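We did not get these values from a lab; they are worked out from the coordinates using the rules stated. Remember, it's a predicted structure, so these values are computed and weren't measured experimentally. Please note: Cβ atoms are built from the backbone with ideal geometry, for glycine as well, and neighbour counts cover all protein chains shown.
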Amino acid sequence: MLTQEKHAPELTKEEKTISGGEALILGLLQEGVDTIFGYPGGAIMPIYDSLYDYREALNHVLVRHEQGGIHAGQGYARASGKVGVVFATSGPGATNLITGLADAMIDSTPLVCITGQVFAHLLGTDAFQEADVISISAPVTKWNYQVTDANEIPAALAKAFYIAKSGRPGPVVLDITKNAQLQQFNFTGHTPCSHIRSYRPTPIVRREYIEEAAALINQAKKPFVLWGQGVMLGSAEQEFKAFIEKSGIPAAWTIMGAGALPSDHELNVGMLGMHGNYGPNVLTNECDVLIAIGMRFDDRVTGRLDKYAKQAQVVHLDIDPSEIDKNVKATVPVWGDCKETLPLLTQLVDAKKHEEWLQKFKDYTAQEVEQVIQDELFPTSGEMTMGEVMQQLNELTNGDAIIVSDVGQNQMVACRYAKLNHTRSNITSGGLGTMGFALPAAIGAKFGAPDRTVVAFAGDGGIQMTIQELGTIMQSNVDVKIIIVNNQFLGMVRQWQQLFHERRYSFVDITSPDYIKVAEGYGIAGRKISERENLRGALQEMLAHKGSYLLEVMVTKENNVFPMVPQGCSVSEIRLK
Amino acid sequence: MSNQNHIDRQEFNITVYTEHHVGLLNRIATIFSRRKMNIESLNTSPSEIEGIHRFNIVINETEEVIRKLTRQIEKQVEVLKVYYHTNEDVIWQEMALYKVPTDVIAEKALVERLLRENGARAVVIRKDYTVFETTGHREETDNLIKVLQPYGLIEFVRSARIAIIKGSEGFNRKLREFEVAEPSDEVKENEYLNTGESIFTM
Ligand SMILES: Cc1ncc(C[n+]2csc(CCOP(=O)(O)OP(=O)(O)O)c2C)c(N)n1
Ligand SMILES: [Mg+2]
C-alpha cells in the first residue's frame, strides 16, 4: 500500500522510460544521498549497472563484508545526522545485514538498506540465493517492503527515506526483485514523501502536560535530568542546553546521549548506568523529581527496576509514546519531539541554581576520582591502562575528535573518559553491544564528517570480528585512526568471571595476530607500544600521520572497570571496587 | 512482561485498524511471540471503512501489559489505530461447526433435543453425516462438544472471535478522518484520551 501515489507531483516532470535500477539511483540522488556502503552480487546487479553511470555523483564505498557495510552506514548516519544507505545482494548478502539492522533498530539509527532479491516468479521456490528477507528482517526494521514491479520503486523509496528519518528514526529495508530492477517503465520523477496516513511520527504536544511538568520542576528541591540520544536525534542540543542552564538542574547522560552537552559543562555531572559515574547513580535514588529526556530507561541504566528512583516523581519527555511507562512509570508524560517540547518547558521553568544539590554530585565525584579515576587516568607505575590512553588522547585532540568505540571494557573506558566538546562525537553500539562495530562504524563516520578526526577505540577481541574492513580503508583511502587496547583477554567477560564466577576464566584468553604486520599488508601505517614513556609520542605520531594509522597499545591484562552496579542490584548499590 | 500477577489477568479484546499490507500479520504476531505470549484468538477482516483492515486479537493478560502491547502495535507504520476492551465492553461471538453421523441423529430423539437446546442449526445434511453450527460465547460452543462426544462427534472446529465495540461512535468518526489522505491540523490526536481509561490513542 503505497499511499504516496496519491500525491501528484506539483510540476509535470518530463516522463521517460528507464529501468527500475536507474529509477532507484535517481531517487537516491533526489533524496540527497552522496555515499553508499555496499557489496554487489547477482540479484542486485541491475542496480549496480545503473550505479556505474552515476559513479561520479554517488560515492560507492566497497566494503569487505555486508556487516561492515551496515555498521559503516550507521557510523555515517550518526556522525552526519543524515540517512545511511547500504546495498547488499540477496540471500547471504542480505542476511549479513541482520546484526547491523538489529543494532540500528535498538539505537534508533536512520538507515535505508536496499537488498536485491530473486526474480518475482522465483519467490518461494528456494531459488539460488533466495532468503525470505522481509520475514527475517521484520523484527529488526522500523519498516520493510518488497518491490516486485519497477513502477513501485519511486514511491517505495520515498516512503523508505521518510520512515527512516522521521519520528523516532530507524532502519528500513527495501527488498527489490531482480525483474523490477531490470524492468523498463515510465518514470515520472521522484517525489519525496511527507505523509503516510497510518503513520504519526510525532505525537501532538499537549500543553497541559508541559504545564504540569513545569510545576513539578519548579517545586523540586533536588531535580535531576537524565538525557539520552533523543536530544541529538531531535537536533535539540541548543534547546537542551538552554533548559539546563535556565533551570540549573544537574544532568547526567546515557552512553547514547554522551556529547549532546559538552563534557566540561558545569551542569554535566556524568554518565549513568552499570559503569557510569558514582554520583549520578547514587543520587538517582535521592532526587525528588527525575526528568528523563529522550532516553528509554534501559536495564543497563536502571539496574534493579523495583529499587529505581522510587522516591522521585518522574517527568518523561519522549517522541515515542510506547517508551512512556514502558519501564519506569511517568508522573507526567511529555509526548513529543524534544526540539518542540523543551523550549515550551524552558519558558515555564523558574531560573534557579541548585548549588547545594550540585555540590553533592561534586562530592561523589571527588570520591570517585580518589578511589578510581586517578589511578585509571594517571598511573605512574605498572603496566598501561586503557584510561590513560584515552586521557592522553583527550589532551592531544582537545576533545574535538569523534570517538568510535567497540564493546567491552574498551567501550566503557571510552564512554566514561572521552572528552567530548561536540555533539555526534561519541559513536558506540549502545543497545545491542555489538563487538566489531568500531572499525566499520569509524569508516562510515569519517565519510559522514570528513573534516573531523575520527578515532576507533577497540579491544583485541572486537577488532578481530571485523578486521577485514582494513581492506575498505585501503581501497577508499579514508583517514581513520585505530587504537587497539590489547589486554590479551575478552576483558569484560573476564571481569565478570573474576567477580561473579570465582575467577573461572572460561575461554576468555584470546590471541592476536601481529596487528602491525596485518596493517602493513593493507598498506596502513602502524606501531605497537608497551611502555608508558612511548604513549604520548605514539599518539602524536598517529594523529599527525596523513592517512589511516593503527596503534596497538599493550595494556594491563586484568584491570577491571569500576564503578560497577552489579547485575540485579540497585543503582545506589554501585561498587567503587 | 508476562510474569505479572495471575489474578489480575483477564481476557482483553484488542481491535487493530490497519492498512492491508503483506507482512503486517507477521509484525503484529511477533509483538506477542517475542514476549513469549500466547494469542488466544486472532481474526482478520475488512472493517466498516473501505480499504481499512481490522484485526481482532484476544489476549489473556493484565491491563498494564495490554496497554504496553497496544502501544507497540500502534507503533507499526501500517497500523492506524489500536483499541483494547474487556469482554464487558464488547459484543462478541465465536462460531463452531460439528460433524456427526446422521444415523445417530436420526435414531436418537434425545440428540435432536440436545441440539435444539444448544441452539445448533443444521448446515448440511447428508446420508452419512450432518454438520451443525452454533454461534455464541466460548462456554456455549464448548458445551456442545461435550454433549456430542458420546454420539460419535467426527470433527469439530471453532472460529476466531469477532467483536464489536459497544461505545464505538467516536472511534468510527476518528477512523473516517484517516480516510482523508492529508489530515488537517485540526485532527486532534488526543481528543479521546480523557474520555475513558480503556481507549488508547496517541
Ligand atoms: C558480537 C558479540 N559477541 C559477544 C559479545 C559478548 N562480549 C561482550 S564484551 C566481550 C569481550 C570483549 O573483548 P575485547 O574486544 O578484547 O574488549 P575488552 O573488554 O577486553 O576491552 C564479549 C565477548 C558481544 N558483546 N558481541
Ligand atoms: Mg580485550
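A compact table of results
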| item | result |
| --- | --- |
| The range B:104-171 and the range B:18-39: distance between their alpha carbon centers, rounded to Å | 30 Å |
| Dipole magnitude of the protein assembly as shown about its Cα centre (Cβ charges: Lys, Arg +1; Asp, Glu -1), debye to nearest 20 | 740 debye |
| Over the range A:175-332 - Rg/Rh using Cα atoms and the Kirkwood inverse-distance radius | 1.13 |
| Per residue convex hull volume, Cα atoms of the range B:29-178, in Å³ | 145 Å³ |
| Compactness index (Cα Rg / 2.2 N^0.38 Å), the range A:460-577 | 1.28 |
| Cα centroid of the range A:152-224 to Cα centroid of the range A:438-507, whole Å | 32 Å |
| Convex hull of Cα atoms in the range A:415-510, direction-averaged projection (nm²) | 7.2 nm² |
| Positive-pole candidate from A:ALA401, A:ILE25, A:ALA366, dipole of the protein assembly as shown, charges at beta carbon | A:ALA366 |
| Hull-based mean projected area of the range A:242-399, where the convex hull spans the alpha carbons, in square nanometres | 10.4 nm² |
| Sorted by Cβ density within 10 Å, fewest first, the residues A:CYS287, A:CYS113 | A:CYS287, A:CYS113 |
| Nearest-ten-degree value, helix A:355-368 long axis tilted from longest Cα axis of chain A | 90 degrees |
| Rounded if a/c under 1.5, otherwise prolate or oblate - the range A:27-114, Cα gyration tensor axes | oblate |
| J(HN,Hα) series, the range A:110-127, from Karplus relation 6.51 cos²θ - 1.76 cosθ + 1.60, nearest Hz, glycine and proline x | x, 9, 10, 9, 9, 10, x, 9, 4, 3, 4, 6, 9, 4, x, 9, 6, 5 |
| Neighbourhood charge, 13 Å Cβ-Cβ cut-off, centred on B:ILE145 and excluding it, Lys, Arg +1 and Asp, Glu -1 | -1 |
| Inter-label distance for B:GLU133 and B:ASN43, nm, one decimal - labels placed 7 Å from Cα along Cα-to-Cβ | 1.3 nm |
| Per DSSP, loop trypsin sites (Lys or Arg not before Pro) in the range A:216-307 with at most 12 further Cβ within 10 Å | A:LYS221 |
| Shape of the range A:16-187, Cα gyration tensor, a/c cut at 1.5 | rounded |
| Placed amide H near A:LEU226: partners under 5 Å, 5+ positions off or other chain | A:ALA252, A:ILE291, A:ALA292, A:ILE293 |
| The range A:186-198 - phi-based ³J(HN,Hα) in whole Hz, Karplus 6.51/-1.76/1.60, Gly and Pro as x | 7, 8, 9, x, 10, 10, x, 8, 9, 7, 10, 5, 8 |
| Angle in degrees between helix A:237-247 and the longest Cα principal axis of chain A, rounded to the nearest 10 | 30 degrees |
| Dipole of the protein assembly as shown, positive end: most advanced residue of A:PRO566, A:LEU470, A:GLY38 [Cβ charges, Cα centre] | A:PRO566 |
| For A:VAL334, distant residues with modelled amide H under 5 Å away | A:HIS316, A:LEU317, A:ASP318 |
| Radius of gyration and maximum dimension Dmax of the range A:383-554, Cα, Å | 15.1, 48 |
| Calculated Rg and Dmax of the range A:332-466 using C-alpha coordinates, Å | 18.4, 54 |
| Percentage relative contact order, chain A, counting C-alpha pairs under 8 Å, at least six apart | 15 percent |
| Summed side-chain charge close to A:ASP175 - residues other than A:ASP175 whose Cβ falls under 12 Å, Lys, Arg +1, Asp, Glu -1 | -2 |
| Value of [θ]222 nm, deg cm²/dmol, for the protein assembly as shown, DSSP H segments ≥ 4, -39500 (n - 2.57) each, nearest 500 | -9500 deg cm²/dmol |
| With Cα atoms, 0 to 90° folded angle of helix A:535-544 axis to chain A main axis | 30 degrees |
| Value of Rg to Rh for chain A (Rh from inverse mean 1/r over Cα pairs, i.e. Kirkwood) | 0.98 |
| Amide proton proximity set for A:CYS193, modelled H, under 5 Å, gap of 5+ | A:TYR162 |
| Entries in A:LYS159/A:LYS339; A:LYS221/A:LYS329; A:LYS221/A:LYS419; A:LYS307/A:LYS481; A:LYS142/A:LYS178; A:LYS241/A:LYS326 that, when Cα-Cα distance is taken, lie over 32 Å | A:LYS307/A:LYS481 |
| The range B:3-88 - Kirkwood radius from inverse mean 1/r over Cα pairs (Å) | 13.1 Å |
| Fraction of antiparallel bridges per DSSP, the range A:383-554 only, in percent to nearest 5 | 5 percent |
| Pair-distance profile P(r), taking every C-alpha pair of the range B:114-154, with 10 angstrom steps and integer % | 27, 61, 12, 0 |
| Where Rh is the Kirkwood radius over Cα pairs, Rg/Rh for the range A:385-454 | 0.94 |
| Dipole moment magnitude, nearest 20 debye, the range B:3-88 about Cα centre, only Lys, Arg, Asp, Glu C-beta charged | 440 debye |
| Positive dipole terminus of the range A:236-311, leading residue within A:ASN285, A:VAL269, A:ILE244 (C-beta point charges) | A:ASN285 |
| Whole-Hz ³J(HN,Hα) from phi, Karplus 6.51 cos²θ - 1.76 cosθ + 1.60, for the range A:552-560, glycine and proline x | 9, 10, 7, 10, 4, 6, 10, 7, 10 |
